[in-house]
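*Asks:* Quick one: the structure is below, and I'll ask about it shortly.
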Amino acid sequence: ATAYLAIPPNVRDQVSKVVFRLLDPHGEQIADYEAVIQTLNADGGFHRATAVWPTDLVAPGHYLLTGIVYDREAIERARVAPRMVSDHMQPGH
């Protein structure tokens, strides 16, 4: 599975790391995956954080995902609940 988180233009220097946290339906932590921050367009200041984890770690639909953004002092600055989609979804199913 892959998760992406966009980093707004011109704030990359304020972000030290991004972690994607998998939670079970009761909110208990399953695992954390630190993202790699990639430059998409240096001139525009566009970056994204990407994390990958094995799909057999937990069954689809049996976990929640949270993206956590940390600043340069390792202080949590933001949490996001990403929209989860499947590349192989069939409309109406």
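The values are calculated or read from the model by the stated rules, or taken from the named source; none is laboratory data. Nothing here was measured: the structure is a model prediction, and the numbers come from that model. Note that we place each Cβ from the backbone using ideal geometry, even for glycine, and neighbour counts take in every protein chain shown. Surface accessibility is based on the protein's heavy atoms, side chains included, excluding ligands, DNA and RNA. Shrake-Rupley method; radii C 1.70, N 1.55, O 1.52, S 1.80 Å.
*Asks:* Averaging sequence separations of C-alpha pairs under 8 Å and six or more residues apart, then dividing by the length of the chain, give the relative contact order as a whole percent.
*Replies:* So the answer I get is 32 percent.
*Asks:* Charges at C-beta only: +1 for Lys and Arg, -1 for Asp and Glu. How large is the resulting dipole of the stretch 1-61 about its Cα centre, in Debye rounded to 20?
*Replies:* The calculated dipole for the stretch 1-61 is roughly 200 debye.
*Asks:* Continuing with the same structure: If R₀ is 30 angstrom, what is the calculated FRET efficiency for the pair residue 40 and residue 62, using the beta carbon separation as r and rounding to 0.05?
*Replies:* 0.45
*Asks:* How much accessible area per residue does the chain have, in Å², with a 1.4 Å probe?
*Replies:* 70
*Asks:* How many percent of the accessible area of the chain is carbon or sulfur, using a 1.4 Å probe?
*Replies:* Of the solvent-accessible surface of the chain, carbon and sulfur hold 51 percent.
*Asks:* Amide H of residue 35: which non-local residues (sequence gap of 5 or more, or other chain) have their own amide H closer than 5 Å, using H built in the peptide plane?
*Replies:* 18, 19, 20
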